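For reference, the structure is listed below as structure tokens.
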Amino acid sequence: MPKAKEFTVTITDKPGALGNCLLALAEGGVNILAFQSYVEAGESLARFLADDIASAKAVLGSLHMIFEETDVAVVRLPHRPGELGRAAARLGEKQINIDYSYCGLEPGSTLALVVFGVDKLTTAATPVDELTVEKIVNHRLRATGLPIMKWLASARKLLCR
């Protein structure tokens with residue numbers, strides 16, 4: 001299942017505090033893959049996915065930051081109209097409530113990295129996996145230029161070897 005550890009960090013709501021936290025993560029070799037920040041009850045909260053969970057924890061701990069880790073659903077989508085809507089609708093069809101979402105970029109690609117905080121993470125696995133499979137199939141179809149039936153026939157031959 002495409003899931004990831006998300007960090008939610010409480011940061012003082014004052015100029016430069018967020019920048020200092022993010023720069024410290026960068027100095028610790030942590031790359032931020034997806035990010036959102038907002039103010040709630042006089043505190044700044046930052047949610048993010050990091051490429052190196054252990055290093056992110058170490059940096060945040062060394063800064064004496066208050067943080068928590070949460071499992072979230074993640075899907076990689078092509079950057080074009082309707083993809084985000086289809087992903088959100090697919091979760092809704094399965095009666096999965098989206099509590100929040102935000103985006104980033106998949107390293108080394110043009111795919112959007114979409115993070116969903118959902119109420120039923122385990123249930124979210126199937127619709128999110130389906131989106132990933134559809135994306136791969138559609139990409140390969142476009143790359144070959146074959147009509148769908150010819151592509152399926154050639155894929156079937158490869159699978160049956």
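The values are calculated or read from the model by the stated rules, or taken from the named source; none is laboratory data. Quick caveat: nothing in here was measured; it's all calculated off a predicted structure. FYI the Cβ positions are ideal-geometry reconstructions off the backbone, even for glycines, and counts take in every protein chain you see.
Observations
- Any hit, segment 32-41, residues being among the aliphatic types (A, V, I, L, M), surrounded by fewer than 13 Cβ atoms within 10 Å (Cβ to Cβ) and on the phi > 0 side of the Ramachandran plot: yes
- Single residue of Glu83, Glu106 found to be crowded, with 17+ Cβ neighbours inside 10 Å, among the acidic types (Asp, Glu) and either closer than 28 Å to Gly16 by Cα or touching a residue at least 12 places away in the same chain (Cβ under 8 Å) (or both): Glu83
- Where Leu49 falls short, out of the listed (1) farther than 19 Å from Thr123 by Cα; (2) surrounded by fewer than 18 Cβ atoms within 10 Å (Cβ to Cβ); (3) in contact (Cβ under 8 Å) with a residue 12 or more places away in the chain: (2)
- Segment 1-21, subset touching a Ser or Thr at 6+ places or on another chain (Cβ under 8 Å) and over 22 Å from Val75 (Cα atoms), residue surrounded by the most Cβ atoms within 10 Å (Cβ to Cβ): Ile11
- Inspection of segment 51-64 identifies no residue that is part of a strand (DSSP E or B), out of contact with any Asp or Glu (no Cβ under 6 Å at 6 or more places or on another chain) and at negative phi.
- Hey, Val72 crowded, with 16+ Cβ neighbours inside 10 Å, part of a strand (DSSP E or B) and modelled with pLDDT of 90 or more or not: yes
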